[in-house]
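Read the structure below first, then the notes.
The values are calculated or read from the model by the stated rules, or taken from the named source; none is laboratory data. It should be emphasised that the depicted structure is a prediction, and the values quoted were computed from it without experimental measurement. Quick reminder, even Gly has a Cβ in these numbers, built from the backbone with ideal geometry, and neighbours come from all protein chains shown.
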Amino acid sequence: MPDETAEETGPVRRFAADPGLYPFTSHWLALSDGGRVHYLDEGDGPVLLLLHGNPAWSFLYRNIIPRLSRSFRCIAPDLPGFGFSTAGRGFGFTAREQAGAVLELIDRLDLDGASVMMQDWGGPIGLWAARQRPGRIDRLIIGNTWAWPLDRRGPRLFSALMGGLPGRISAHAFNGVVRFFFRKGVVNPLPPDVLAMYLAPFRQRAARRPTHVFPRELTAAEPFLREVQEGLPALADKPALILWGDSDFAFKTHERARFRSLFPDHRDVTLHGAGHFIQEDAPDAICAAIEAWFDAPSRENTPH
């Protein structure tokens, strides 16, 4: 199990991380609502804030942090209710609440000149936080996500099913949300020990609620998503690196094209053969793209 060192003592862990897969030092931050955010803080250099979505946690970046931490300060938090983080009393695990927790982390760690990597729900959350603190966020790394209310029939139906009674029953009965996403969301099947680490935070039935709240939020969080969308023009001058898995079951060319048009100063990289969880299917390509983007004196708006 990784060592626990931080400004504050961490709470008792709900599960043990395999040190061979997750060989990182843990840090903890007490939030104003009583929750405790667990995060990784590895390396020195420009800050990379690495955000996960549902139903992942900082473990998602385990194959990215060792390489990028040679040149960057990699900060990867677990959203409240995910990984080792715990939620405060009354926390509803909504997208807006999760975004507020990320914003508090940015402020409390006094991050400056940061780049935010976003995927899945990390996109709306990270872009909302960037709009609230544009002076702290310099660059955006956008991978297989969205940033506006969903009006297509497919996502709305998915929200009704996975965020409604079927999803709740599936989650509580056999961790079905986690199993579904990490079967459907990767091109390369996860080894059993890796899947076990994604299931571990939700072994207890009482801990599984966050996994089916996020699917419900695809439609329930429409006011929040509209706010995210309305804030995008204020971020349009920020450099953006678009990293797009071409085999995603959820976000495809439509979302990618919108991000291209929203951020004129962008570099667009196709992650060939990568599914929804690009961090699982293409960690080396992601690292190479980020390194090249930072090394380039100017970025070309050319798809790759």
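Does the stretch 13-35 contain at least one residue that is at pLDDT 95 or above and on the phi > 0 side of the Ramachandran plot? Yes - at least one qualifying residue is present in the stretch 13-35. Only a single item in (1) under 26 Å from R156 (Cα atoms); (2) hydrophobic (A, V, I, L, M, F, W, C); (3) without any contact (Cβ under 8 Å) to a residue 40 or more places away in the chain is not met by L195, and it is number (1).
Can you name every one of the helices (runs of 4 or more DSSP H) wholly within the stretch 76-178 that holds 2 or more residues which are among the aliphatic types (A, V, I, L, M) and buried (at least 20 other Cβ atoms within 10 Å of the Cβ)? Before the answer, list the steps.
Values: elements: 95-108, 122-132, 153-162, 165-174.
So the answer is 95-108, 122-132.
Per-residue answers, yes or no, for (1) in a loop (DSSP other than H, G, I, E, B); (2) surrounded by 22 or more Cβ atoms within 10 Å (Cβ to Cβ); (3) of a type in the set (A, V, I, L, M, F, W, C):
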site	(1), (2), (3)
F251	yes, no, yes
H254	no, no, no
R258	no, no, no
G273	yes, no, no
H276	yes, yes, no
E280	no, yes, no
I286	no, yes, yes
I290	no, yes, yes
W293	no, no, yes
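Within the stretch 15-48, track down each residue that is of a type in the set (D, E, K, R), more than 19 Å from the chain's Cα centre (by Cα) and closer than 17 Å to A87 by Cα. D33, the sole residue that qualifies. Considering the stretch 209-243, and only residues there that are of a type in the set (K, R) and in contact with a Pro (Cβ under 9 Å, 6 or more places away or on another chain), the residue that is surrounded by the most Cβ atoms within 10 Å (Cβ to Cβ) turns out to be K238. When the stretch 179-236 is limited to residues that are part of a helix (DSSP H, G or I) and β-branched (V, I, T), the one that is farthest from F263 (Cα to Cα) turns out to be V194. Listed by first and then second residue, the pairs linking a residue in the stretch 15-26 that is under 16 Å from P66 (Cα atoms) to a residue that is assigned to a loop (DSSP other than H, G, I, E, B) and modelled with pLDDT of 95 or more, with Cβ atoms under 7 Å apart and 6 or more places separating them unless they lie on different chains, are L21/R62; Y22/R62; S26/F84. For the stretch 166-192, filtered to residues that are touching a residue at least 40 places away in the same chain (Cβ under 8 Å) and of a type in the set (A, V, I, L, M, F, W, C), the residue that is farthest from Q119 (Cα to Cα) is A171.
Rundown of residues vs (1) under 24 Å from W146 (Cβ atoms); (2) in contact with a strand residue (DSSP E or B) (Cβ under 7 Å, 6 or more places away or on another chain), yes/no style:
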| position | (1), (2) |
| --- | --- |
| S71 | no, no |
| P77 | yes, yes |
| S85 | yes, yes |
| A95 | yes, no |
| Q98 | yes, no |
| D110 | no, no |
| S115 | yes, yes |
| A129 | yes, no |
